[in-house]
Each structure stands twice: as C-alpha cells, then as structure tokens.
Amino acid sequence: MGLDLARRDLDRIYSSLDRMYGIVARLLEDTVRGIGEWREVDGLEDKLYIVETLMGVVEEQATFFIAKYQPLGPELLEAKSLIRASYDLYRIARYCREINRVIAYTSSGGLKHTPSVAQVTTIVREMVEDAYRAYRHGDGEARRRVAEKDNQVDTAYTRMLARIGREETLTRGEVVDLLILRHLERIADHAVYLSGLTGPTATS
C-alpha cells in the first residue's frame, strides 16, 4: 500500500466527515435553542438532507478506499470507523428532528418542558462536541467527559421513568418531558459510540 497516498485519501474522507459534523453541530445548537425558546428550528429539513447526503459520501469514499487499498490493521479500522461515525452523526441529526416534531405538535397548546430538561439539553450538546474531539484527535480527557456526562443524562432519564412507575397519571408537561428526554438520551448514546471509535493514526 502506498502509505502517503492512502493517508491522503483518508484525509479527504475526514474532510467530508468534518463538514458533516459542522452541520450536525449547528443543528444541535439550534435544537437546544429551540427547546429553550420552545419553537421549531428553521431550515431543519434542508440541514438534515445535507447531513444524509454527506453520510452517503463518507460511506462511498470509505468503501472505495477499502476496495482500492485492501488495507489491514489501523487503516482498515479507520475506514470502518469513518462509516460508523457518519452513521452516529446522522442519527444525532434525526433525533434533533424528532425533538422538533414534539415542539411542533405541542407548542400551540401552551405546553413546555421543565427546567430540568433544559439542563440536560446543554449537557448533551457538550457531549457531542467532546465526542467528536475525542474521535478526531484521540482526546482522552474529552472521552472521559463524555462518559461522565452520559451518566448524568441516564440519571435524568431514569428518574423520569421511575416517576412513571410511581404515578397513575402524568401531566401533559410530564409527557413532553419524557419525549424530549428519550430523544436526548439517544443522542447521548450516539455521542458515547462516536467517542469510542478509532480515529486518525496520524494528524490529519
């Protein structure tokens, strides 16, 4: 394998993934703001379309890389991780869409989440940022923060589930909390997956 040529081709795939991450990060930031203001994100479907398109680009580039170089060892793990990373980013974007659907169907009725949910949104946004840093740059401290914050998100979601188990009925506001927390919990899980992937073996 021509290592310099292979590295160059991998760097091109990372560039596509970086662009994808940039759009997902903005979409998540808009969603966090939308939760705080309880309004839908403008242009969400357009952003989601671009994210989905870039996922296809990364998958195609990584598959071609494997077919072209038939790599073994670190380069194979990198190529496979690029495909997985693009999927995790795509799923994060899709959960942003689901959160915005909740807002769309409930905001006109005067419903809103509780302050505790707003705190979780901030934690999840930070998790995704740390997860991508951990993946792209091998940042062990960022990976540790992701795990720590994931425990906080799980605790918030578990408390809500426990409340459901105790109460015979839920208020409409509590139902909104549950829906939002469920989607945030799934975003957090994908951040954990992303942070654990094999990143670049050399500085890109």
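Closer than 30 Å to residue 57 by Cα, charged (D, E, K, R) and either touching a His at 6+ places or on another chain (Cβ under 9 Å) or modelled with pLDDT of 95 or more (or both): is that true of residue 130 in this structure? Steps first, please.
Numbers: closer than 30 Å to residue 57 by Cα: yes; charged (D, E, K, R): yes; either touching a His at 6+ places or on another chain (Cβ under 9 Å) or modelled with pLDDT of 95 or more (or both): yes.
Here the answer is yes, as residue 130 does meet what is asked.
Okay, residues lined up against (1) closer than 28 Å to residue 14 by Cβ; (2) free of Cβ contacts under 8 Å to residues at least 24 places away in the same chain; (3) in contact with a Phe, Trp or Tyr (Cβ under 8 Å, 6 or more places away or on another chain); (4) among the β-branched types (Val, Ile, Thr):
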position	(1), (2), (3), (4)
90	yes, no, no, no
106	no, no, no, yes
117	no, no, no, yes
126	yes, yes, no, no
146	yes, no, no, yes
156	no, no, no, no
164	no, yes, no, yes
179	no, no, no, no
189	yes, no, no, no
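Quickly run through segment 54-75 and pick out the residues that are hydrophobic (A, V, I, L, M, F, W, C) and either closer than 17 Å to residue 194 by Cα or within 13 Å of the chain's Cα centre (by Cα) (or both).
Listed by number, the residues that qualify are 54, 55, 58, 62.
Report yes if some residue within segment 133-152 is closer than 30 Å to residue 74 by Cβ, hydroxyl-bearing (Ser, Thr, Tyr) and in contact with a His (Cβ under 9 Å, 6 or more places away or on another chain); otherwise report no.
No, every residue in segment 133-152 fails to be closer than 30 Å to residue 74 by Cβ, hydroxyl-bearing (Ser, Thr, Tyr) and in contact with a His (Cβ under 9 Å, 6 or more places away or on another chain).
Pull up segment 8-33, narrow it to residues that are surrounded by fewer than 17 Cβ atoms within 10 Å (Cβ to Cβ) and more than 24 Å from residue 121 (Cα to Cα), then point me to the one that is nearest to the chain's Cα centre (by Cα).
15
Let's see how each residue does on (1) closer than 23 Å to residue 184 by Cα; (2) of a type in the set (S, T, N, Q); (3) surrounded by fewer than 19 Cβ atoms within 10 Å (Cβ to Cβ); (4) touching a strand residue (DSSP E or B) at 6+ places or on another chain (Cβ under 7 Å):
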site	(1), (2), (3), (4)
47	yes, no, no, no
56	no, no, yes, no
95	yes, no, no, no
104	yes, no, yes, no
121	yes, yes, no, no
124	yes, no, no, no
128	yes, no, no, no
131	yes, no, no, no
151	yes, yes, yes, no
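Have a look at 128, 124, 117 and point out the one that is part of a helix (DSSP H, G or I) and out of contact with any Asp or Glu (no Cβ under 9 Å at 6 or more places or on another chain).
Going through 128, 124, 117 in turn, the sole match is 128.
The values are calculated or read from the model by the stated rules, or taken from the named source; none is laboratory data. Computed from a predicted model, the values in this text were never measured in an experiment. Neighbour counts run over all protein chains shown; Cβ positions are idealised from the backbone, glycine included.
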